[in-house]
Each structure stands twice: as C-alpha cells, then as structure tokens.
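Take a look at the structure below.
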Amino acid sequence: MKDVGIISYGAHIPSLRIKSSDIANAWGKDPETITRGLGIIEKSVPSLDQDVATISVEAARAALARCNINPQDIGAIYVGSESHPYAVKPTGTIVGEAICATPILKVADYEFACKAGTAAIQTCMSLVKSEMIKYGIAIGADTSQAAPGDALEYAASAGGAAFIIGKEKVIAMINETCSYTTDTPDFWRREGRKYPAHGGRFTGAPAYFRHITSNAKNLMELVGTKPEDYTFAIFHQPNGKFPIKVAKMLGFTPEQVEQGLLCPVIGNTYSGSSMLGLASVLDVAKPSDRIFLTSYGSGAGSDAFDITVTNNINQFPKNNAPLVSQLIEKKKYIDYATYTKYRDLLYWE
Amino acid sequence: MRDVAVIGVGITKFGELWDKSFRQLIAEAGAQAIIDSGISGSEIDALYVGSMSAGRFVGQEHVGALVADYSGFSLMHIPSIRVESACASGGIAFRQGYFSVASGMNDIVVIGGIEKMTDVVGSEATNILAMGLDQEWEAFFGVTFPGIYAMIATKHMHDFGTTREQLAQVAVKNHANGALNPYAQFKRETKIENVINAPMVAYPLGMLDCSPVSDGAAALILCAAEKAKKYTDKSVKIIGSGQASDTLALHGRNDICTFESTTYAARMAYKQANVEPKDIDVAEVHDCFTIAEILAIEDLGFVKKGDGGKAIDNKITTLDGQIPVNPSGGLKAKGHPVGATGVAQIAEIVLQLRGEADQRQVKDAKIGLTHNVGAGGASCVINILEAR
C-alpha cells in the first residue's frame, strides 16, 4: 500500500463555545466534578447557519487551498457523519458543487457513528490505489445531537476535517490500515429520533476499549511496530479521559497523544474527532514523523492507520488555510440559554 | 419434619456480566453446586428458583421451565418452581425447597437464584425495582427504592442521632470485606470521604450508600440430613427458618425505622433453631442501602433499636468483631442481582461454616444467619444454619 497517502487536508471548527461548567450549572450539577470527570473544559457549538454541509465545505475548501490540484480531477467525495442535514439527499453533492468537482464524480454519504470519516479515507485509498480515480476527498464532520440533561450534552460538539487522498506529492504516506468490527450496541439513534441513546458503562470496556485496543494491536502486528516507534498517536476522543486511558493501555505516552487530543477544548466532534486530531498533528509534523491513528465508531468498529510524514511536508503551504490551533483559538462563548436556541432544544406550540 | 442439610454451593461472579446470558448464569451456578455436592443430576427431585423480574429485565417469564431445560433436566421432567418476592425471592425459594425436603416429599432439591439486570439501562432498572414497592400508593407517584430508604434513614437520624458518617462506615466495612471476596462485583476498598462525597442519590444516601445493579446467580443443593453423609462430610444443617410480611407501602407501618417483617421472621427462626441473637457467629444481612444494614442488626436483635449506628462505630460488625456482618461484602460490595441475593447469602454462610471462606473467614463460625428482605421490608425471610 506504499504509494497512497494524504496530499492535503483542511479543518473547520465553528467558533461558538460553551463551557462544561455552564451546562452543569443549568442542570444543578457540580461544575468542577463534571469538568474534571469528563476532562472537557468547553465544546464547540454550531450556529444557526452551520451544519455538516457547511462544515464539510469549509474543510474541503481549506484542503484545496493548500494544494494545487484541479477540482475536476477529484474523482470521489465521501462524507462521513451521523448528523447529515438530510436523511435522504446527500451532503457530498453539496460539497461537490461548492468546490467545483461535479459532475464526473463518485459521491456517497457515510454513517458509522464516529468513524464514518476514517471509513471514507479507506474507500478513497482503495479507489486511488486501483486507479479508478486520481484524487478522492474523505470528510468526517458532525454537529452531534445530545438530549438536554444527558451526559452527552457536555461532549457532543461540532467540527470536521477533509483529507485529499492521492498518489502524487504525498505529504503523509498511509503505510497500512486495518479495521475491527463487531455488532455491539453501545450507542445508537433510531430512525426518526432526535437524540441518540447510550448503554451507560457498556460504552466503555466492551465497546470503545475492546475495539480500539484490539485494532491497534492488530495494526502494530501487521506492520511490525511498537508504540515507541511513533511520534504521534491519535485516538477517538469521546471525552478527555478515554483516549488517555486507551493510550496508556496500549503503551503510548501522554506526550505522543497530546498534539492530537482536542476534546478537552472543543468536545467530541464525532466523525470529525480523530480526523481533526490528525489535522492538528499534521499542522506540526516534520518529515519522517510516524503517526498512529485509531478511530472508533459505536455500533461498533475501529479503523487504524499507520502513517509516515514525507519530505513534501516542508513545502506544504499549510498557512493557506487556518491551522487547527487557530480554529481553536478563534472562539466566542455563549451561555446555556443561547445554546438551547442554537441547538433547537426549545419548542413551542 | 425431618432435618435438612445444604450439601453443595455454587456461585457465579457478580457484576456487569455483559457476555453471559440469564440462562448461562443459572446453569453455571447450578453445575458448580452439583459438582460441589457430589450428587448426580438424576438424583434431583425438584428445582426451586428465585427471580424477581426476569420478565422485565430480559423479557423472559416461565423461568422455572427455562432453568430446568438449560440445566439439562428437561428429559427428567422434574418439577421446577419459580418463586417471586421482590429482592427476597432467593431466600424464600430456599425456604420452599427446605419445606419440600423436610416434609419427606423430596430427598434432594436444587435451589437457584438469578437476576440479569444490566441488559436494561439504569433508569429502567430503577423502575423495574420500584415494582417491588406499592405501585398504586408509592411507585406511581415517583417514589423509587433509594427514595424509600432515604426516608427511613432521615427518620433514623432524627430519632436516634444516627450520623451520615455511621451510614458511610457501613459501606466502608462492606467494601473492605468485598475486597477479599473473589466473587464480589466491587473487589476494592473505599474510604469514608469517598462515600460521603459521592454523587447524591436521595438525601442522605449517596451513590456509595446504594447496592449496585448486578448480574449473577447462585445455587444450593439441599438433601435430607439423614442421607447427606452418602454424598459429603461437609454438609451444613438448616436449624431454623422464618418468614414474615408487612404492609407493602411504607406509610402503613407503625414505625418506619423497624421492619416488623424482620422482627417476626427472626422470632420464628430463632425459636425453631432454639438460639438467641447472641448465639449467632456470623450473619449475611440485606444491606441494599447502608441504612438497611443498620436497621437489620437492630431488628435481628444483635443490638438495641437505635444503636445500629453506634454498633458500626464500635466495630461490632467487622470481620473480627463481636458479630461479623456481611463478610461477603454484602449487597453493597458483592453485588445485588436481586433474585440471586438470598441464595448467595446462604452460599456465603455455608462456606463460612465449612471454614472455606479463605481471607474473609470468620473465626470459629458455628452458627450463621441470613436475612433477606423484599423491597422496602414488606417481606423478609431469615434462615439459620449450623456447622455439623
């Protein structure tokens, strides 16, 4: 698989933020306990005019601004999300039109809880490798739902990242990828339901931890690496605690995880989560840096990637679009009342 | 009535057993008990199974037939009876099985207790458990189990000066015991500040004052005492059994700080066994909440009414105390799969009386008592066993 990789990437995070402590106060919970317990200080919130389509378009445009390719050479767009604005009608077509990649274009929307975006990367890799397309764009983005008062409300946030996959001028080679999938009902949203449901502690050991550790070990065995061979490690981040814990279980250090761990300051961007982590790592990566990425999607599955940064990163015009750190910095706080309005939690008859 | 002995025990690990089903758990406990007893399956005359709400927890009723089938007894066509009395289901299934052997109708019976509670989300488990309360007068209006015991705790604090710290110490003691029990859901100690600072459930009870939602099963083999020698030389004799009821709703009671179901059942069991509270060497009591253990040691006559809190302070009930209570870790630390609890309590006492309780062994235990309460005290069953 040595010839396929990332040739560009872009990120987008809405600038509105709400602090965990404000949500906790609204529900009569102890702000300090909640913030410390989840490891989330604040989360991003989509404004009234932001959804998965706008976030995907922003991220795709950012990716295109950093490379010199003709949008008409893009052969496929796959958008992974669990909050596509339409139940029927693709987000990918909106992105395709917005970046002038239509009409000779393969498009589909993906859903696999928080790992649909990394599944999209795998699809694009296959199409590029088989030379069915020259470039493919894989996007992971979400404006995740959370019922008022639910534990998810402290985490479910908004953001996304886009990765252009190709063979030329690769800035980060994807050496290998593998997946681990079972039917594990830890978190779900039934058709027609506004908010997802979750199985309490069942979302931990048999779901997140089993799938990530199994898949991560499989990948390292496949490529013959150890945790210390990697400069950076990125894990799906549903809260600030799980990725640190799973890293420790696998033998990675907090230093390896730090650059890709965004959940404490933006929350869980679901399909965007591990992909924004990768974008943040690529913002600072140097040639020969090795990156270990493991996503997780409830339901349940995990995609793992072994990535090596190439010399092309030195010429990569990353400043043509906002860095992840700049997107995190650019923020405006809202209170819980405003949050309920923007997240459509209020209703009247 | 002839004498009856417990000749075999089996217990599964208690906890969130996501990879084990209802039928697997009971079959596992039953098989262990049969192996422990030395009987062969073909010698079993009947099955008694305690289960509170398999229907709501796992969508399965007709539990008697299910257990017979999945224990491999369907071809023998032996009678199998499911017993329900909320959280006292297991202890009462045991008592029914005991009667059937004592009467001479059966020689060998298997007692099972089982609950698989973690297949539903926490709020649903709370609702299901609340079905053990008075639906029309209590549960319908939103009262839950923690709510009932919180009212009792508040009254106990008011009437007798019981403190928040004393309640917390019950959990600390039971966690210390649970840490020594390989079957316990929480095999770890906890500190008093953890209990006091845990998230509030219903004042004054915090999360660590409450027993958990658990999966688990336990089983026992009962045999006519005169025939027990044929199978084992470590049988434990049943010397007393009592059962009583009380008003379903808490508000009907004379005093909410006394469970008369316990006092009446205890009187019956003590009388039959011809023992007094001071003769009991070890007890497994129904500590579904920390206040429940304080009530239990008072109502069983181990201490005077109102002195339960002080007894905890004076360490009367610790493993090396005057009357060790809940050496298994109790419902608090061992776990509380409701239908299994009463049977598991007896299994623990049998192990204690056989001297096989390892690190949690109570020294020189000869007479042991189990106290199993249904819901908010509307039913109670007490069994007293003696080492042979």
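The values are calculated or read from the model by the stated rules, or taken from the named source; none is laboratory data. Keep in mind that what you see is a predicted model, and the values were worked out from it rather than measured. Heads up, the Cβs are rebuilt from the backbone with ideal geometry, glycines too, and the neighbour counts pull from every protein chain shown.
Of the residues B:I297, B:I316, B:I312, B:I346, the single one that is crowded, with 24+ Cβ neighbours inside 10 Å, of a type outside the set (D, E) and free of Cβ contacts under 8 Å to residues at least 40 places away in the same chain is B:I297.
Scanning the range B:309-347 for residues that are of a type in the set (S, T, N, Q) and touching a helix residue (DSSP H, G or I) at 6+ places or on another chain (Cβ under 8 Å) yields B:T317, B:T318, B:N326, B:S328, B:T341, B:Q345.
Return the residue satisfying two criteria in turn: it lies in the range B:5-35 and is touching a helix residue (DSSP H, G or I) at 6+ places or on another chain (Cβ under 6 Å) and either among the hydroxyl-bearing types (S, T, Y) or within 14 Å of another protein chain (Cβ to nearest Cβ) (or both), and of such residues it is surrounded by the most Cβ atoms within 10 Å (Cβ to Cβ). Once the filter is applied, the top-ranked residue is B:T12. When B:D255, B:D246, B:D159 are checked against the criterion of being buried (at least 17 other Cβ atoms within 10 Å of the Cβ) and charged (D, E, K, R), B:D246 stands alone in meeting it. Every condition in (1) within 30 Å of B:E386 (Cα to Cα); (2) in contact (Cβ under 8 Å) with a residue 12 or more places away in the chain holds for B:K230 except the one numbered (2).
Residue count for the range A:179-203 under the criterion of being in a helix (DSSP H, G or I), buried (at least 18 other Cβ atoms within 10 Å of the Cβ) and either more than 22 Å from the chain's Cα centre (by Cα) or away from chain B (no Cβ under 13 Å) (or both): the result is 1. The set of residues in the range A:142-197 being modelled with pLDDT of 95 or more, in contact with a Gly (Cβ under 9 Å, 6 or more places away or on another chain) and closer than 15 Å to A:K43 by Cβ consists of A:D142, A:T143, A:Y154, A:A155, A:A156, A:S157, A:A158, A:G159, A:G160.
The rows are residues; the columns are (1) in a helix (DSSP H, G or I); (2) within 19 Å of the chain's Cα centre (by Cα); (3) at pLDDT 95 or above.
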| residue | (1), (2), (3) |
| --- | --- |
| B:T317 | no, yes, yes |
| B:G339 | yes, yes, yes |
| B:V343 | yes, yes, yes |
| B:E348 | yes, yes, yes |
| B:K363 | no, no, yes |
| B:V373 | no, yes, yes |
| B:G377 | no, yes, yes |
| B:I382 | no, yes, yes |
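Annotation: of all residues in the range B:125-156 being without any contact (Cβ under 8 Å) to a residue 12 or more places away in the chain and not in a helix (DSSP H, G or I), the one that is surrounded by the most Cβ atoms within 10 Å (Cβ to Cβ) is B:Q135. Of the residues making up the range A:229-239, those that are surrounded by fewer than 24 Cβ atoms within 10 Å (Cβ to Cβ), assigned to a loop (DSSP other than H, G, I, E, B) and out of contact with any Phe, Trp or Tyr (no Cβ under 6 Å at 6 or more places or on another chain) are A:T231, A:N239. One residue stands out in the range B:162-202 among those that are part of a loop (DSSP other than H, G, I, E, B) and within 14 Å of chain A (Cβ to nearest Cβ): the one that is surrounded by the fewest Cβ atoms within 10 Å (Cβ to Cβ), namely B:P199.
Return yes when A:G224 is without any contact (Cβ under 8 Å) to a residue 60 or more places away in the chain and more than 14 Å from every other protein chain (Cβ to nearest Cβ) and no when it is not. Yes: the conditions hold for A:G224.
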